[in-house]
Every structure is written in C-alpha cells, then in structure tokens.
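Structure first, commentary second.
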Ligand SMILES: Nc1ncnc2c1ncn2[C@@H]1O[C@H](COP(=O)(O)OP(=O)(O)O)[C@@H](O)[C@H]1O
Ligand SMILES: [Mg+2]
C-alpha cells in the first residue's frame, strides 16, 4: 500500500501524441480494475483534464457507467497556475503527487511538450516513462542525432538529455531504475520506406540511449473521435457506444492491448468480448 506505480507520458515535442496516449493508458488501466490517479501537468492545454470532464458529463447525460480516475486537478484556476512562479508550481505538484500516490495503484502523469520544472520533477519520480513520437525524422531529432551512414550516435538531443538526467537523479536518490519505452504514433500504412529507415535508427538509438521500443499505434480516427465524449476504445461496450462499431475499432483495441502488454500491464481483457459482438 502507498506505493503507486508512476507512469509519465513525455516528449519535449508538441503533437507527438502524449495526451492521446495518456487517456488510452488511463482508461485501459481503469478497465483492468486498477485505482488510477491522473495528473495533468500541461497547465495550459489541460487535455487530460478536459477529457475526464467530458467523460463525467457524457456518462451523466447518458446514465451510463464507466470507471473514473482519482483526479487531482493541480490547476483548478485554469490558466492561473501556468503563470505562477516555478516554486509555486512545484509545491502544488509535490502536494498533489504526495496525496494521490498514497491511495492509487497507478499515478499517470501527462506532461507538456516543453521542458518545465514540474515536468522534470514528474520525470524523476517515474517508474515508467512512455514517449510517443510521430513517424518522422523531425520527432526523432528530439531523442538523438545519429550519423546518417553509420547510425553511430553523435549526441543525445533535448529530450534524451532530460530523461538521462532524471534517471541519474533517481538512481542516486532511490537506487531505482526508470524504465523507458519509446513508441511510434500515427503510423501511416503508406510510408513503408520512411518507416524502415526510421526503424533502423530508432533501434540503434534505443541501445545507445537506453530505451525499449514499444509497439506503435496507427493513425486512426477512433483514437481522436471519442475525445468529446471522454471515452476511448477501451470503454466501448454494448452500453457505451457513441459511434457505430467497426472492424477498425476492434483493430484499435488490439493495438492498445498489445501496447499495454508491452508496457507490462494487463487490462482490456474484454477485447474479445467486443470483437465477438
Ligand atoms: N494514433 C493517432 N491516431 C489519430 N490521431 C492521433 C493519434 N495520436 C494523436 N492523434 C491526434 O494528434 C494530435 C496531437 O495529439 P496529442 O495527444 O494532443 O499530442 P501531445 O499531447 O503530444 O501534444 C491530436 O489532434 C490527436 O487527436
Ligand atoms: Mg498534450
């Protein structure tokens, strides 16, 4: 008890899919009957916060039930905390983190696409960092620069540096390893050549920088169209079906399940149930 597993979704790149991944991991864990606390450290965008507000509203309006997280809005005053001094932000984060990690099985933290003090604080508390990246050399550039011919690592770049220093800090403070999984997001079926080249480089970089490569997520409408309802594919059931089901949804659930397994979690055990309907 009192020892929550801390998952941080991060990448110092906007639009990589952090919040999308965070809501999917959160709902998948919730359906695995875990007590999940969520903290949204993107104080300006508040995507995670909005998602769960949508969820509560949709469930109430439809008299439906779905598991909810323990939510601790570290920024209840909208944009106010975003403009507050760093020390105040840190204090609010520490207080929220201390509170939820007592009661939750998992603390899931979404972070902004930039290097902020609270984002760093969260990263150094992580047991697992999950980093989505678009299938693009532009996103790859946030992790490392490799020689284009030999694939030798020339240097870590921005985000790998951040993770590196948080890992060092964590190892010194608690002798704990932070597991780091990088996965490709918004994979397009038509980009085989670009993907192969990127695959080689991500693999090469993974050994040098020290992350695992997770199974990617395709670019699918279902990963974004359920947002206004506060739902994800993990929630779909005969009682919760705001859009017509299709084979795409079944494929998306399988994709999400494969990701959860790679991250080391169960959950989504009912995927077959939906597929069978
Ligand atoms: N696998 C995906 N398939 C379809 N759309 C996606 C996928 N991942 C992310 N998106 C969309 O891409 C945009 C950026 O994603 P978001 O999760 O907000 O990124 P971040 O939090 O890293 O800034 C959003 O419009 C989101 O709906
Ligand atoms: Mg986001």
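Every number here is computed from the coordinates shown, using simple stated rules; none is lab data. Just so we're clear, the structure is a prediction, and the values are computed from it rather than from any experiment. Glycine gets a Cβ as well: all are built from the backbone with ideal geometry, and neighbour counts include every protein chain shown.
Return the inverse of the average 1/r over all pairs of distinct C-alpha atoms in segment 5-276, which is the Kirkwood hydrodynamic radius, in Å to one decimal. It would help to have the intermediate numbers written out before the result.
Values: mean 1/r = 0.0522 Å⁻¹.
That comes to 19.1 Å for segment 5-276.
Between residue 220 and residue 244, what is the label-to-label distance in nm when each label sits 7 Å out along the Cα-to-Cβ direction?
A separation of 1.8 nm, rounded to one decimal place.
For the peptides 168-181, 114-127, 197-210, 11-24, what is the packing order when you average, over each peptide's residues, the other Cβ atoms within 10 Å and list the highest mean first? Could you put the intermediate results ahead of the total?
Working: 168-181: 14.4, 114-127: 20.2, 197-210: 16.0, 11-24: 23.0.
For the peptides 168-181, 114-127, 197-210, 11-24, the packing ranking is 11-24, 114-127, 197-210, 168-181.
Need one number for segment 1-152: average projected area of the convex hull over its C-alpha atoms, nm².
10.6
Give, as ranges by residue number, the residues of segment 196-217 whose backbone N falls under 19 Å from the point 7 Å along Cα→Cβ of residue 171.
Those under the cut-off are 205-213.
Report, in deg cm²/dmol and to the nearest 500, the calculated mean residue ellipticity at 222 nm for the chain, where each DSSP H run with n ≥ 4 adds -39500 (n - 2.57) and the sum is divided by the residue count.
Estimated from H runs of four or more residues: -13000 deg cm²/dmol.
Ignoring solvent entirely, what values of log10 I(q)/I(0) come out of the Debye formula for segment 1-46 at 0.16, 0.17, 0.20 Å⁻¹ when each Cα is a single scatterer?
With no solvent term, the Cα-only Debye profile gives -0.49, -0.55, -0.73.
Residue separation times 0.36 nm, minus the C-alpha to C-alpha distance between residue 138 and residue 3: what's the value?
Extra length from residue 138 to residue 3 when fully extended: 44.9 nm.
What does the convex hull of the Cα atoms come to per residue for segment 147-271, in Å³? Walk me through the numbers before you get to the answer.
Numbers: hull volume 18.2 nm³, N = 125.
So the per-residue hull volume is 145 Å³.
Which percent, nearest 5, of DSSP beta bridges in the chain are antiparallel?
On the way: 3 of 29 bridges.
Of all bridge pairs located within the chain, approximately 10 percent are antiparallel.
Modelled label-to-label distance, residue 199 and residue 155, 7 Å Cα→beta-carbon offset: nm?
3.1
When you have a sec, figure out the Kirkwood radius of segment 145-186 from all distinct Cα pair distances and drop it here in Å to one decimal?
12.2
So if R0 is 35 Å, what FRET efficiency would residue 251 and residue 50 give, r being the distance between their Cβ atoms, rounded to the nearest 0.05?
0.85
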